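Laboratory data are not the source of any read-out in this text; all were calculated from the coordinates shown. Here the structure is a predicted model, which means the values were calculated and not measured. Heads up, the Cβs are rebuilt from the backbone with ideal geometry, glycines too, and the neighbour counts pull from every protein chain shown.
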Amino acid sequence: MTARRAAGAFLLLGGALLGASAPAWADKIRNPTAVFSGLDKITGRIVSFEVAVDETVQFGALQLTPRVCYTRPPTESAKTTAFLEVDEVTLENKYRRIFTGWMFASSPGLHAIEHPIYDVWLVDCKGGTDIVAEPKEQEDAPVAAAKPEGRKRREQARGEDAPRSRQVNRQGQVDVEPLRGTPVQPRQSPSRKFFPTNDGPMPAGADPMNPNPR
């Protein structure tokens, strides 16, 4: 009986030591830069560009602001994620939030940027070296912070359902397609602008709808 107890205690001690030496499940690397690719569905051209965390850039008619960008240490399974806010700039220079949430580099089709002309997906996060160990709940903090705002938007959307079905433009014509997203105020001007027909970033003051003015 004593031998069995000793063996059981040894197994428990060994398991505890293994658990203490193993890396935490939520260990991740916080990166200062996110790498994206953008697609113009009309021309078929793809543009790759880098965006610093909390920087706003414009790709076509979409303004992107990454809030966090995480990778995993080499000792863990690869997982590259970014929390992103995407606003659409309309022809009337109005802003509509069409996406707020996580993007996964391994599964670009999971995010829901619904736009008829442009698409954007996460490619990589880079520049980080420090490993941070946090509970999984903290990684979802941006999502939790966005929930009250999301509920408010859903309530606004429900209130706009009736007039949306009869959108009338300046010519008095009824628009077939309802507006996407919810109206928002721009928080900051984009530091750079990319347009798929150009070889590089546009000047910050340039108009993406008229990239080659004469």
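Taking the stretch 80-101 as the range and being aromatic (Phe, Trp, Tyr) and surrounded by fewer than 18 Cβ atoms within 10 Å (Cβ to Cβ) as the test, only TYR95 passes. Restricted to the stretch 54-71, and to residues that are in contact with a strand residue (DSSP E or B) (Cβ under 6 Å, 6 or more places away or on another chain) and free of Cβ contacts under 8 Å to residues at least 60 places away in the same chain, which residue is nearest to ASP40 (Cα to Cα)? So, considering only residues that are in contact with a strand residue (DSSP E or B) (Cβ under 6 Å, 6 or more places away or on another chain) and free of Cβ contacts under 8 Å to residues at least 60 places away in the same chain, the one nearest to ASP40 (Cα to Cα) is LEU62. Scanning the stretch 57-79 for residues that are in a loop (DSSP other than H, G, I, E, B) and in contact with a Lys or Arg (Cβ under 8 Å, 6 or more places away or on another chain), we see that the one that is surrounded by the fewest Cβ atoms within 10 Å (Cβ to Cβ) is ALA78. Residues that are in a strand (DSSP E or B) and of a type in the set (Gly, Ala, Ser) were ranked within the stretch 28-48; the one that is nearest to the chain's Cα centre (by Cα) is ALA34. Being more than 22 Å from GLY128 (Cα to Cα), touching a Pro at 6+ places or on another chain (Cβ under 6 Å) and outside any loop (DSSP other than H, G, I, E, B) is a description that does not apply to VAL51.
So which residues in the stretch 72-120 are in contact (Cβ under 8 Å) with a residue 24 or more places away in the chain and of a type in the set (Gly, Ala, Ser)? Residues satisfying the conditions are ALA78, ALA82, GLY101, ALA105, SER106.
Quickly run through the stretch 81-95 and pick out the residues that are aliphatic (A, V, I, L, M) and either more than 14 Å from HIS115 (Cβ to Cβ) or touching a strand residue (DSSP E or B) at 6+ places or on another chain (Cβ under 9 Å) (or both). Within the stretch 81-95, ALA82, LEU84, VAL86, VAL89 qualify.
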